[in-house]
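Reviewing the structure listed below.
The values are calculated or read from the model by the stated rules, or taken from the named source; none is laboratory data. Owing to the predicted nature of the structure, the values given are computational and were not obtained by experimental measurement. Glycine also receives a Cβ, built like all others from the backbone with ideal geometry; neighbour counts cover every protein chain displayed. All accessible areas refer to the heavy atoms of the entire protein, side chains included, with ligands and DNA or RNA removed. Shrake-Rupley method; radii C 1.70, N 1.55, O 1.52, S 1.80 Å.
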Amino acid sequence: MTAASILDRSDFDQLLALLVDEGYQPIGPILEGGRIVYGPIDSSSDLPAGKTDLHDGGMYRLVDRQDDALFGYNLPSDSWKQYLFPPQTLLWSAVRSGGSFSVNPPTSEAPRYALFGVRACELAAIDIQDRVFDGAYPDPHYGSIRERVFIVGVNCVQAGGTCFCASMGTGPELTDGYDIVMTEFIDEDEHRFLIRSGTTAGGDVLARLPLAPADPTDCSHADALIAEAATGMGRTLDTGGIKELLYENAEHPRWDDVASRCLLCANCTMVCPTCFCATTEDRPTLDGATAERWRTWDSCFALEHSYIHGGPIRVSVRSRYRQWLTHKLATWIDQFDTSGCVGCGRCITWCPVGIDITEEVKAIRTEEAAHAHR
Amino acid sequence: MTKPKLAVWKFASCDGCQLSLLDAEDELLAVAGAIEIANFPEASREVLPGPYQLSLVEGSITTPHDAERIQAVRAESEFLVTIGACATAGGIQALRNWADVAEFTRSVYATPAFIDTLDTSTAIADHVTVDFELRGCPISKEQLLEVVNAFIYGRRPAIPEYSVCVECKRRGTTCVMVADGTPCLGPVTQAGCGAICPAYNRGCYGCFGPAESVNLEALLNEWRRLEVDEATMVRALRTYNAYAPEFRDASEKLEASL
Ligand code: SF4
Ligand code: SF4
Ligand code: SF4
């Protein structure tokens with residue numbers, strides 16, 4: 001780990017300016033219509049200073065903080081997936097010439113994003129999508145955006161009501177994979193960031209900033225704040241033997257119970273930072289001269305998603321919810337050697353009826369234990 | 001090769017949906033290049049005889065005369081697409097299905113005896129076989145062009161049947177139900193509008209009718225938690241798609257409990 005330094009709040013905009021100089025488009029948390037979302041940022045005045053978010057099942061509220069912390073919230077509903085794996089992507093276009101046609105890759109150059117305020121769970125989610133898109137068949141569209149990204153991580157010093165990264169082993173501290181990582185402190189009159197680099201590119205940027213050396217008490221202060229976040233998680237998930245638990249309980253009555261509550265709206269999959277399902281659409285022009293193939297986000301909660309020759313294979317609500325949860329927490333382990341869940345809690349907060357992945361697993365586990373006991 | 005012929009038919013409706021075709025200004029020339037606009041009174045007084053390879057049918061069936069006319073339209077059409085909430089679900093005028101039509105005619109018309117109308121407003125599919133239903137009040141211009149395009153190439157139209165929530169999330173709109181406690185019909189409504197209302201901090205009104213699978217009971221339970229009363233729920237379900245089976249059954253069940 002590189003040595004930590006201190007960046008004063010008053011110099012924060014220099015970090016942004018340096019990244020813009022390097023050709024990056026900074027993206028970070030912004031206030032839009034009374035909510036925090038990710039969007040382009042020009043200066044620190046775009047960040048949600050003094051705001052924080054309350055999360056519970058199917059509930060989100062933005063409220064004021066006592067201080068002016070820039071990163072004093074937990075998570076917005078959208079995730080970095082919106083940028084790295086956009087809701088729609090042009091895969092290729094085709095032009096007819098004579099009796100034949102040519103297929104052309106997209107001509108636009110991949111953007112260079114500097115992502116500001118990446119949380120530990122979010123970086124873990126990006127790492128999971130890296131495995132998905134950079135596996136046996138690397139996806140050039142994801143890859144071309146991903147390889148140019150600069151990551152400015154921010155450690156969580158408070159946990160949200162639906163967070164459970166501590167259970168999933170993904171947070172609240174960023175351990176690697178970032179270019180720069182910061183911990184924000186506000187005490188008395190001081191508003192500072194403990195900052196360190198994780199890559200050469202990050203180190204080069206830090207070398208050009210007016211930093212003060214951090215003293216050991218700063219580092220231990222940061223550690224204490226992060227440790228506090230770790231114990232303040234709103235949710236927990238016992239992952240012990242989870243794969244076997246779910247495989248053995250494909251017929252558990254809890255699936256019917258959740259099916260009675262689930263709307264099949266697909267919000268959980270849209271907000272999940274690791275969900276990667278997509279469909280493709282061909283869009284020919286009416287004169288038949290050109291055509292485009294687009295990739296758009298899809299969801300396992302959609303009937304059409306399981307459509308194969310003869311009809312859809314997952315018709316009931318029960319089968320669709322079970323597919324999602326079992327893939328996320330169990331089959332994903334076989335497929336990608338990692339859980340598909342990083343414990344960000346988005347699917348809990350943004351489910352309009354507050355269906356809670358941790359509660360569903362708990363119910364299956366408890367009832368199974370009761371059964372085994374008999 | 002002769003171009004396929006297009007006809008546009010109007011039943012009980014406001015014309016808004018067929019106007020979406022005229023509204024497609026940038027694409028209209030391309031449409032006219034690919035298909036012969038043979039019968040479209042809103043666009044041209046010249047009417048070419050059938051049969052028509054593609055018929056777009058707007059409006060619901062509300063009179064005995066229309067109930068006969070739709071049979072003739074079907075007989076002249078190879079591929080029949082209904083456009084809009086009136087044609088696919090009976091429209092806002094289906095509110096009459098719960099009311100006394102004779103009383104309405106008496107209070108609206110000076111000489112009610114001249115009015116020859118049915119007691120109900122029903123969807124085209126209740127009368128003839130429909131090949132494809134395009135939802136919305138009004139329909140989306142893009143979706144209409146997609147249907148015409150798909151017809152020309154003989155492919156399946158890419159018209160998703162999942163919920164409005166998917167469109168909300170794709171455009172990055174924060175959920176109004178979760179963030180503001182605003183009741184929203186989005187989770188049970190078919191996508192297609194681009195989630196316009198939530199983007200303006202309003203709940204979805206359900207203009208595109210029920211999504212492919214809906215769980216209205218669970219959604220209405222959530223509305224109860226948001227302190228929406230039952231009479232308001234009935235009103236919310238009885239708008240443009242009031243008589244779409246899923247919305248109709250839910251509102252009737254609620255009404256019975258009032
Ligand atoms: S499953 Fe839910 S908690 Fe887990 S990563 Fe996805 S959205 Fe976050
Ligand atoms: S679990 Fe919640 S968010 Fe997911 S489809 Fe069901 S109701 Fe929608
Ligand atoms: S605002 Fe309405 S349509 Fe959008 S995600 Fe929320 S419930 Fe769904």
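Using just the C-alpha positions of the range B:5-153 as equal point scatterers, what log10 of I(q)/I(0) does the Debye formula give at each q in 0.08, 0.15, 0.17, 0.20 1/Å? Per q value, in the given order, log10 I(q)/I(0) is -0.23, -0.75, -0.93, -1.20. Dividing the helix sum by the residues of chain A, where each DSSP H run of 4 or more adds -39500 (n - 2.57), gives a mean residue ellipticity at 222 nm of -9000 deg cm²/dmol. Computed over protein heavy atoms with a 1.4 Å probe, the carbon and sulfur contribution to the accessible area of the range B:5-153 reaches 55%. Computed about its Cα centre, the charge dipole of chain A is approximately 1460 debye, with only Lys, Arg, Asp and Glu carrying charge at their Cβ.
The range B:7-34 and the range A:300-315 have Cα centres spaced 33 Å apart. Averaged over its residues, chain B has an accessible area of 45 Å² per residue, based on protein heavy atoms and a 1.4 Å probe. Could you compute the FRET efficiency for residue A:188 and residue B:25, with r as their C-beta to C-beta distance and R0 at 45 Å, rounded to 0.05? With a Förster radius of 45 Å, E is 0.10.
Treating r as the C-beta distance of residue A:11 and residue B:125 and R0 as 45 Å, the FRET efficiency rounds to 0.10. Cys residues of chain A that find no other Cys beta carbon under 4.7 Å: A:156, A:163, A:219, A:262, A:277, A:300, A:341, A:351.
Measuring heavy-atom accessible area with a 1.4 angstrom probe and counting protein chains only, the residues of the range B:194-233 that give up at least 10 Å² relative to the chain alone are B:201, B:212, B:213, B:215, B:218, B:219, B:222, B:225.
Taking the Cα atoms of the range A:9-154, the ratio Rg/Rh between the radius of gyration and the Kirkwood radius comes to 1.07.
Pairwise alpha-carbon distances in chain A exceed 39 Å for 22% of all pairs.
By the Stokes-Einstein formula, at 1.002 mPa s and 20 °C, the range B:164-256 with its Kirkwood radius over alpha-carbon pairs has D equal to 164 µm²/s. Within the range A:325-356, what residues put their amide N at less than 20 Å from the label point 7 Å along the Cα-to-Cβ vector of residue A:175? From the range A:325-356, the list is A:333-334, A:336-345. Element breakdown for the range A:229-373 at a 1.4 angstrom probe: carbon and sulfur atoms account for 54% of the accessible area.
Take residue A:285, project a point 7 Å from its Cα along the Cβ direction, then tell me which residues of the range A:108-149 have their backbone nitrogen under 18 Å from it. From the range A:108-149, the list is A:108. Derived scalar couplings between HN and Hα for the range B:111-116 equal 10, x, 4, 6, 8, 10 Hz in order, rounded to whole Hz, by the Karplus curve 6.51 cos²θ - 1.76 cosθ + 1.60 (θ = phi - 60°), x for Gly and Pro.
Across peptide A:348-358, the mean count of Cβ atoms from other chains lying within 10 Å of each residue's own Cβ comes to 4.
Between residue A:97 and residue A:212, what is the spin-label point distance in nm, taking each point 7 Å from the Cα along the Cα→C-beta axis? Between residue A:97 and residue A:212, the label points sit 6.5 nm apart. Both chains summed, the buried accessible area for B and A stands near 3000 Å², from protein heavy atoms and a 1.4 Å probe. Around the amide H of residue A:39, modelled in the peptide plane, lie the amide H atoms of A:28, A:30, all under 5 Å away and 5 or more residues distant in sequence or on another chain. Here is the list for the range B:1-88: trypsin sites (Lys or Arg not before Pro) lying in DSSP coil, each with at most 11 other C-beta atoms within 10 angstrom of its C-beta, are B:45. Across the protein chains, with a 1.4 Å probe defining accessible surface, the residues B:133, A:184 rank B:133, A:184 from largest area downward. Annotation: extensible slack from residue A:68 through residue A:224 equals 54.1 nm (criterion: 0.36 nm per residue apart, minus Cα-Cα distance). At a probe radius of 1.4 angstrom, the accessible area of the range A:1-108 per residue rounds to 45 square angstrom.
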